[in-house]
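The values are calculated or read from the model by the stated rules, or taken from the named source; none is laboratory data. Because the structure is predicted, anything quoted here is derived from the model rather than measured. Every residue, glycine among them, receives a Cβ derived from its backbone with ideal geometry; neighbour counts consider all protein chains shown.
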Amino acid sequence: MEQTQQAVSNEQLFAKLCAVEALLKEQQLSEHSRELWGNQQIADYFKVSTEHARRWIVVDPRFPAPVDTLSRTGGNSKNLYVSGEVVQFALKYRKKKASL
């Protein structure tokens, strides 16, 4: 049985890799994502400092509640948030465009 190989150019391969990378990036920032984010990832998403995210964004009463986890010593661990809920929050409370 003979296999035929189809030649793929470097440009075609690069284009496919770029498409896959874009899909992965889109999936990470999806409002359905279940990745856990700390204050640093939330700050990165909103393009603000970690201090600003901690003092002003996550304390908003409308902001999603953190996941209830315990540390390995039995105390409370750092607050982690479901990324999809953070994205939904951002989409829900974005500023309205001024209408002319």
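Would you call Lys47 of a type in the set (D, E, K, R), closer than 30 Å to Phe63 by Cβ and either at pLDDT 85 or above or exposed (fewer than 10 other Cβ atoms within 10 Å of the Cβ) (or both)?
In short, yes.
Does the stretch 32-40 contain at least one residue that is assigned to a helix (DSSP H, G or I), at pLDDT below 90 and either over 19 Å from the mean Cα position of the chain (by Cα) or among the polar types (S, T, N, Q) (or both)?
no
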